[in-house]
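Inspection log for the structure reproduced underneath, given as structure tokens.
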């Protein structure tokens, strides 16, 4: 089984196309081959691309410092959600500094670079050979419902389904963790595939 959220979903699309015979269930979390074309989707894409105006520090000396930075940058999250972000976003490096777990090169997959692979990813969608659930936040401005449905339709042998997570946008796990985990468990156990 494979579950990828956001950029991990883009990776999952290619995995399902080229290695689908090795994957029982593929869950793609709120990201498709192309950005949401709606006005709200375009605003989200622009906001993400200009988020660099306030560049994230390369690291933090304490978890509290990371918490404070995220609280200022993401004021809609409550304290529990912010601590979850700190816990799951960072690791301690060799010098005791909290640094992101992600590869710093991932930032290049945002914006125009991501658009270059859209055609390739649509081709991959039509080659996915395993049971696939496209998970979309009900209020997402990253993956629009039309694109999610089109993805499910293009997956051969009726192996694609769409599952919307109530009350969640792109932040499936932080906005409706219970609903997201329930959908994934049901799918991976074969209850809704």
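Given the rule -39500 (n - 2.57) for each run of at least 4 DSSP H residues, summed and divided by the residues of the chain, what is its mean residue ellipticity at 222 nm, to the nearest 500 deg cm²/dmol?
Numbers: 9 runs with 86 residues, N = 193.
Dividing the helical sum by the residues of the chain leaves -13000 deg cm²/dmol.
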| said: Sorting check: for 172-181, 130-139, which peptide has the highest mean count of neighbouring beta carbons within 10 Å, and how do the rest follow? | reply: 130-139, 172-181
| said: As I understand it, the value is the acute angle between the Cα axis of helix 145-154 and the longest principal axis of the Cα atoms of the chain; what does it come to in degrees, rounded to 10? | reply: 40 degrees
| query | Label residue 88 and residue 189 with points 7 Å out from Cα along Cα→Cβ: what is the distance between them in nm? | reply | 2.0 nm
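Roughly speaking, what is the stretch gain from residue 139 to residue 11, that is 0.36 nm per residue apart minus the C-alpha to C-alpha distance, in nm to one decimal? If you can, show how the numbers build up before the last one.
On the way: separation 128, 0.36 × 128 = 46.08 nm, distance 2.28 nm.
Answer, rounded to one decimal: 43.8 nm.
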| message | Below 8 Å between Cα atoms, with a sequence gap of 6+, how large is the relative contact order for the chain in percent? | response | 27 percent
| Stretch residue 153-residue 123 to full length: gain in nm at 0.36 nm per residue minus the Cα-Cα span? | 9.5 nm
| task | Would you please classify the overall shape of the stretch 114-166 from the alpha carbon gyration tensor, given that a ≥ b ≥ c denote the square roots of the eigenvalues, rounded means a/c under 1.5, and beyond that prolate means a/b larger than b/c while oblate covers the rest? | result | oblate
| query | Between the helical axis of 79-89 and the dominant principal axis of the chain, each derived from Cα atoms, what acute angle in degrees is found, rounded to the nearest 10? | reply | 80 degrees
| query | Which shape class applies to the chain: rounded if a/c is under 1.5, otherwise prolate when a/b exceeds b/c and oblate if not, where a ≥ b ≥ c are the square roots of the Cα gyration tensor eigenvalues? | reply | prolate
| query | Helix 7-19 versus the longest principal axis of the chain: what is the Cα-based angle in degrees, 0 to 90, to the nearest 10? | reply | 30 degrees
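Readers should treat all values here as calculations from the given coordinates under stated rules, not as data from a laboratory. Please read all numbers here as calculations on a predicted model, not as lab measurements. Reconstructed Cβ throughout: ideal geometry from the backbone, glycine too, with neighbour counts over all protein chains shown.
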